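A short write-up of the structure that comes next.
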Amino acid sequence: MSERLVLPLSALGARDLPVAGGKGANLGELIRAGFPVPGGFVITTAAYARAASAAGVDPRDPVDARTRLVESEVPTDVADAVRDAYLALGGRVAVRSSATAEDLPEASFAGQQDTILDVEGEAALLDAVRRCWASLWNERAVAYRATHEVDERALRLAVVVQRMVPARVAGVLFTADPITGRRRRAAIDAVRGLGEQLVSGAVNPDHYLVDVTTRVVVERRGDILDDARLRELADIGARIEAHFGKPQDIEWAIDDSKLWIVQSRDITTLYPVPASAPDPERDLRVYLSANVAQGVLGPLTPMGIQTFRLLGAAFATAVGRPVADPTAGPSVIADAGLRLWIDLTGVIRNAAAREIPVRVLSIMEARSSGIFARLLVDPRLAPRGGSRLRSAAVILRAIAHTGAPPWLVRAMLRPETTRDRVLREVDALVTRDVGPLTTGVERLDAFERLFLTTTPRMFPRLVALAGAGLISFNLASRLLRGIASDDELRTILRGLPFNPTTEMDLELWAIASRTRDDPPSRAGLADRSPAALSADFRRGALPQLLQRELETFLEVYGHRAIAEIDLGLPRWSEDPSHLLGAIANYQRPGAAALAPDAQFARGAREAEATITTLLSRVHGPRRLLARTFLRRVRALAGVREAPKFHVVRLFARGRAILAPVGASLAADGRVASADDIWFLTLPEARRAVAGEDLRSVVAERRAEYRREERRRHIPRVLLSDGTDAEAAFAAPAVDGAIRGTPASPGTARGVAHVLLSPAGARLEPGEVLVAPATDPGWTPLFLTASALVMEMGGMMSHGAVVAREYGIPAVVGVPNATERIKTGELVVVDGSAGTVASESG
């Protein structure tokens, strides 16, 4: 079958992607499932291979490949097969490219190759086929494949030829809202006539939203389609989604009476919902992104996620709620898109605790705080059962079970003594013996034991210390209300001692200062790259002073890393190139003027002076209490970084325990490389140690990891119906903002660059592209744009689709955008709210 040059669509299915490309395989699948698809045939990838070989196409030269495919004659056997199939079909046809690299799980490749409509006659058809073949090598398609790391060597193209639908109305249907991500919320764009003008952004379409479950039209902007037709579209979309098992991007057309489906592909830009999420119609769940809260937007390795499941199990035991399977962790921990999510639904539905996320996040992550404030009024998340008093009692019992309250009291009564004791005991816990490490099984056991037994003993003590500092600050603030200004209260927190992160930074600066006066060290840092210096360090070949200084530093701080919450990533002790780059940067001319050590010391002096000033304003018992609390702030508030600091020490220890297991598995051929251990879970590692070959599992995980590394927008708060809560609750336009249609979520700030044509255009990295409309010829510019603003188009237009795939915010349908926005103007583009605001002047 693979050598056939032409095949009827009705003979194809999902398994035939290598023969028919993504579009052809999907259309065949739809026909076989009974959906109304115009008849036609596919010119297979074997035909393309024959034509490319005859034309002498070289994949390494896309420009030459395009020229050769357009100008070369179609091979005789291919041309004859196409003519025969066309004669059987007859009439006007639509000719569409169908690449083997499109409509994949990670990217839809929408519009990257050509579509030619209303083709009639054998000669016109063969010409359209050559144009489709050549479009595989156009600039936008090549750039898109490079972005998505598609192997050009295995690339093939089929061509779909379908009976042309004389469309009275046409459009696009997303079975999930592509802006908010909400599943079972059909988003429909429609135009009169052919749908190509919608995709090209040539017109502003009508727009509709339909609740698929209730079949209610919840939003209407236009009058092309009535409610009955909208419900018909939503229903058929739901059936197609059910058939493919994923939300779909569907192109449709209506002739005088009948609805036709002309394409369906997976929506690849939606953020995935945790697999553990229940049916949202029955039980809506609310997930907070632990990644965003920690400032780690990239994916985590599977073993990194596994570590947090173990930590979650340890905390569950600490509060008196042990879980059956520690490797699975408590149900409040979920993962999706290789990122960590915390299910806070139980907290929101708890009468006594539901406002805690709002208050805590107002300090930690203000944007998420506002989202939770909105969620509190959602009737689907109303408190369930139990009085506030009973709920409060449960919470207090859980806190008491951790053992933290006695340490909190000790810290309040004797801050210095308690602090020193806790830090000493935590150090002993982190470095204590974990048992024999002779075999792989013993190492896996020790790894699990490290997190399940150490964390519950050390974390409550550290949190109690930091909590005592925070409580002291809040009490002092209350005592000094009306006496101390906000700035004065913030000054008290400057130059705090006992902050391990601050101490680390200052020590790194001190290394730079000491090695600046050492000619070999200074020359090495100036002349060699950080990567080369790191390699020298591992060989012990750095200049003597720099080698010694870095070794001493790493003895204390070598457990840290960029994105250090992921145990699967190398620690600084393994690769100190980032540190060496920082030290070199500190030694650049003018850097000494920063003097962070002097700034820190000055901040500490200002804090002490402010305390003295504030105490002079109060008298009697009030002054005594204020002094007590302010002194505890200085003694304990700096410890707020200690819990994470010491947990990351555990991560480094766990990494050191597991690394030899990876090396052993690689030596035995059960994984491809030693680092593959980080792409397994603990149960999977146990299976590998027992003899199972997990190379294919790791390969799939690594592919998913690479895809997720390219994801640009991560929701802060995700609902189990797929809703990106921040996009759904987008704030109204601020004064002076101009409004359009939200097309791709997120916010970007950059310098506007107004372009009327992509020909010869250059866009500097980070600039905001402002255009009248965009077709596929514009999309190479998207690679360097921070956002997109268009005068025309709708949510489903090509520019909007590609912007979402590249993860850049986009606002379309902005009236006179190219006149109202000036090149060089600093603008903020909010692709969730659909606004563009100027920051210039």
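Can Leu423 be described as free of Cβ contacts under 8 Å to residues at least 12 places away in the same chain and of a type outside the set (S, T, N, Q)? Judged against the criteria, Leu423 is not a match.
In the stretch 106-138, what residues are at pLDDT 85 or above, of a type outside the set (Asp, Glu) and not in a helix (DSSP H, G or I)? Those that are at pLDDT 85 or above, of a type outside the set (Asp, Glu) and not in a helix (DSSP H, G or I): Thr115, Ile116, Leu117, Val119, Gly121, Leu136, Trp137.
The number of residues in the stretch 277-296 being surrounded by fewer than 23 Cβ atoms within 10 Å (Cβ to Cβ), at pLDDT 90 or above and under 19 Å from the mean Cα position of the chain (by Cα) comes to 2.
Of all residues in the stretch 169-189, which are within 21 Å of the chain's Cα centre (by Cα) and on the phi > 0 side of the Ramachandran plot? Listed by number, the list holds a single entry, Gly181. Annotation: Arg374 fulfils all but one of (1) modelled with pLDDT under 95; (2) within 35 Å of the chain's Cα centre (by Cα); (3) on the phi > 0 side of the Ramachandran plot; the unmet one is (3). Among the residues of the stretch 209-229, none qualifies, meaning not one is surrounded by 22 or more Cβ atoms within 10 Å (Cβ to Cβ) and among the charged types (D, E, K, R). If you check Gly807, Gly740 for being modelled with pLDDT under 90, open to solvent by less than 30 Å² (accessible area, probe 1.4 Å) and under 30 Å from Leu381 (Cβ atoms), only one passes: Gly807.
Asn350 meets the conditions (1) closer than 26 Å to His713 by Cβ; (2) in contact with a helix residue (DSSP H, G or I) (Cβ under 9 Å, 6 or more places away or on another chain) in every case but one. The failed one is (1).
Taking (1) at pLDDT 90 or above; (2) open to solvent by less than 20 Å² (accessible area, probe 1.4 Å) in turn, Leu569 satisfies each apart from (2). In the stretch 575-595, the residues that are buried (at least 16 other Cβ atoms within 10 Å of the Cβ) and among the charged types (D, E, K, R) reach residues that are assigned to a helix (DSSP H, G or I) and at pLDDT 85 or above with C-beta atoms within less than 7 angstrom, at least six apart or across chains, in these pairs: Asp575/Ser534.
Filtering the stretch 670-727 to residues that are crowded, with 17+ Cβ neighbours inside 10 Å and of a type in the set (S, T, N, Q) leaves Thr681, Ser720, Thr723. For the stretch 197-225, the set of residues classified as in contact with a Leu (Cβ under 6 Å, 6 or more places away or on another chain) and closer than 17 Å to Val169 by Cα consists of Pro205, Tyr208, listed by residue number.
Selection over the stretch 408-449 of residues that are part of a helix (DSSP H, G or I) and within 39 Å of the chain's Cα centre (by Cα) gives a count of 22. For the stretch 51-105, a residue qualifies if it is small (Gly, Ala, Ser), in a loop (DSSP other than H, G, I, E, B) and at negative phi, and the qualifying residues are Ser72, Ala101. Given the conditions (1) within 27 Å of Val191 (Cα to Cα); (2) open to solvent by 30 Å² or more (accessible area, probe 1.4 Å); (3) modelled with pLDDT of 90 or more, which single one is not true for Val770? The single condition Val770 does not satisfy is (2).
Results for (1) under 30 Å from Ala351 (Cβ atoms); (2) out of contact with any Leu (no Cβ under 9 Å at 6 or more places or on another chain); (3) hydrophobic (A, V, I, L, M, F, W, C); (4) crowded, with 17+ Cβ neighbours inside 10 Å, shown as yes or no for each residue.
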{"position": "Gly403", "(1), (2), (3), (4)": "yes, yes, no, no"}
{"position": "Arg414", "(1), (2), (3), (4)": "no, yes, no, no"}
{"position": "Thr418", "(1), (2), (3), (4)": "no, no, no, yes"}
{"position": "Arg432", "(1), (2), (3), (4)": "no, yes, no, no"}
{"position": "Arg443", "(1), (2), (3), (4)": "no, no, no, yes"}
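Selection of first residues in the stretch 652-672 that are more than 20 Å from Thr431 (Cα to Cα) and of second residues that are among the hydrophobic types (A, V, I, L, M, F, W, C) and open to solvent by 10 Å² or more (accessible area, probe 1.4 Å), restricted to Cβ pairs under 6 Å at least 6 apart or on distinct chains, gives the following pairs, ordered by first then second residue: Gly662/Ala674; Ala663/Ala674; Ala666/Ala674. Take Asp256 and decide whether it is open to solvent by 40 Å² or more (accessible area, probe 1.4 Å), outside any strand (DSSP E or B) and of a type in the set (Asp, Glu). It is true that Asp256 is open to solvent by 40 Å² or more (accessible area, probe 1.4 Å), outside any strand (DSSP E or B) and of a type in the set (Asp, Glu). With respect to the conditions (1) in a helix (DSSP H, G or I); (2) farther than 30 Å from Thr327 by Cβ, Ile483 falls short on a single one, namely (1). Within the stretch 539-566, if we keep just the residues that are touching a residue at least 12 places away in the same chain (Cβ under 8 Å) and more than 15 Å from Met504 (Cα to Cα), the residue that is surrounded by the fewest Cβ atoms within 10 Å (Cβ to Cβ) turns out to be Gln544. Within the stretch 654-664, being crowded, with 21+ Cβ neighbours inside 10 Å and not aliphatic (A, V, I, L, M) holds for Gly654, Arg655, Gly662. The set of residues in the stretch 330-346 being of a type in the set (A, V, I, L, M, F, W, C), without any contact (Cβ under 8 Å) to a residue 40 or more places away in the chain and either surrounded by fewer than 20 Cβ atoms within 10 Å (Cβ to Cβ) or closer than 19 Å to Thr269 by Cα (or both) consists of Val332 alone.
Within the stretch 384-406, residues that are in contact (Cβ under 8 Å) with a residue 24 or more places away in the chain reach partners that are of a type in the set (D, E, K, R) with beta carbons closer than 7 Å, at six or more positions or on different chains, in the pairs Arg384/Arg349. The residues listed here are Ala685, Ala771, Ala690; of these, the one that is without any contact (Cβ under 8 Å) to a residue 40 or more places away in the chain, over 21 Å from Glu365 (Cα atoms), of a type in the set (Gly, Ala, Ser) and in contact with a helix residue (DSSP H, G or I) (Cβ under 9 Å, 6 or more places away or on another chain) is Ala690.
Which pairs have Cβ atoms under 9 Å, sit 6 or more apart or on different chains, and link a residue in the stretch 190-204 that is on the phi > 0 side of the Ramachandran plot and modelled with pLDDT of 80 or more to one that is small (Gly, Ala, Ser) and outside any loop (DSSP other than H, G, I, E, B)? Once the first residue is on the phi > 0 side of the Ramachandran plot and modelled with pLDDT of 80 or more and sits in the stretch 190-204, its partners that are small (Gly, Ala, Ser) and outside any loop (DSSP other than H, G, I, E, B) give Gly193/Ala170. Here Leu396 passes the criteria (1) of a type in the set (A, V, I, L, M, F, W, C); (2) open to solvent by 50 Å² or more (accessible area, probe 1.4 Å); (3) within 24 Å of the chain's Cα centre (by Cα) except the one numbered (3).
Looking only at residues in the stretch 347-393 that are open to solvent by less than 50 Å² (accessible area, probe 1.4 Å) and of a type in the set (Asp, Glu), which one is farthest from Leu288 (Cα to Cα)? Looking at residues that are open to solvent by less than 50 Å² (accessible area, probe 1.4 Å) and of a type in the set (Asp, Glu), I get Asp378. The single condition among (1) open to solvent by less than 10 Å² (accessible area, probe 1.4 Å); (2) farther than 19 Å from Ile179 by Cβ; (3) part of a strand (DSSP E or B) that Val262 does not meet is (1).
The values are calculated or read from the model by the stated rules, or taken from the named source; none is laboratory data. As the structure is a computational prediction, the values presented were derived from the model and not from experiment. Virtual Cβ from ideal backbone geometry, glycine too; neighbours counted across all protein chains shown. These accessible areas exclude ligands, DNA and RNA; they are computed on the full protein's heavy atoms, side chains included. Shrake-Rupley method; radii C 1.70, N 1.55, O 1.52, S 1.80 Å.
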